[in-house]
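The values are calculated or read from the model by the stated rules, or taken from the named source; none is laboratory data. Note that the coordinates shown come from a computational prediction; the quantities given were computed from them, not determined experimentally. Every residue, glycine as well, gets a Cβ built from its backbone with ideal geometry; the counts of neighbours run over all protein chains shown.
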Amino acid sequence: MGQGSFLFYSDFNCPFCFDLNERSLAIGEGYKIGWHDIQHMPAASSSKSDLADQALLINEVAIVRKRAPEISIAAPGFRPNTSLANQLIYSLRNESEHRLSELRAQIYRAYWLEGADISAQELLKALCLQNGLSFPTCLEGHQADPATTTKLQQWLDEWEGERLQLDRCTALSA
C-alpha cells in the first residue's frame, strides 16, 4: 500500500471514510495516503439491520452531505461486515498502487452509491476482475490468512488506542 505521507484508518462501512477516499481521488492525492483498513463494527451483517443502525446510517450520511455537498452518497439500508473486503485489500497490497486505489474506490462506491453488499465474495471477485486483479485463492470460502488477520487486528488496536487517547485529550480540555 502507498508510500503515503498520510496514514488513515478506514472502514468501508463508514461514510466519512468514503468521503475522504473520494476527496483524495478528486485532488489526485490518493497515492500519498497509506490506508490501514479496519473493521470497527465486527458484528455488522448485511442480513441483520435494525432501526437504530439504519437511523445512525441516515444521520451519518446527512452529515457527509452537509459537509461535502460535492460528494454523491446514498444511505444504504444495512451496514455490511467489512472483514473480507479488508482482507482482500491487504492480500493485494503488493499490486499496482493505481489498481489497488481503483479497487478501493470501487468497493466504497459499490456500497455508498449502489447499496451493494460488499461482504459478498462474488461482488469482490467481480470488482477484482474489473481492475485486472486476481481474487486471492487464500480468500476463497472466506478463509482468513493468519498473518493478514494479525495485521488487520494490529491496525484496529492502534486505531482504538488513538481513539481512546483522543477521547482523553478531549475530556481534559472540556
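Observations on the model:
- Residue match in the range 119-136 (condition: aromatic (F, W, Y) and within 20 Å of E22 (Cα to Cα)): no
- Number of positions in the range 97-124 that are outside any loop (DSSP other than H, G, I, E, B) and more than 16 Å from S134 (Cα to Cα): 6
- Residues of the range 63-112 satisfying the condition of being among the small types (G, A, S), within 28 Å of E140 (Cβ to Cβ) and in contact (Cβ under 8 Å) with a residue 24 or more places away in the chain: S83, A85, S91, S101, A105
- Residue among N94, N86 that alone is within 19 Å of A144 (Cβ to Cβ), of a type outside the set (K, R) and assigned to a helix (DSSP H, G or I): N86
- Qualifying residue in the range 13-26 (condition: out of contact with any His (no Cβ under 7 Å at 6 or more places or on another chain), surrounded by fewer than 13 Cβ atoms within 10 Å (Cβ to Cβ) and modelled with pLDDT of 85 or more): yes
- Subset of the range 36-73 (residues that are within 16 Å of the chain's Cα centre (by Cα), in a loop (DSSP other than H, G, I, E, B) and surrounded by 13 or more Cβ atoms within 10 Å (Cβ to Cβ)): I38, Q39, H40, M41, A44, S46, I73
- Scanning the range 74-93 for residues being over 13 Å from A120 (Cα atoms) and small (G, A, S) gives a total of 4.
- Enumeration of residues in the range 74-89 that are surrounded by fewer than 19 Cβ atoms within 10 Å (Cβ to Cβ) and aromatic (F, W, Y): none
- Matching residues in the range 129-163 - criterion: being assigned to a loop (DSSP other than H, G, I, E, B), at pLDDT 80 or above and over 23 Å from H98 (Cβ atoms): none
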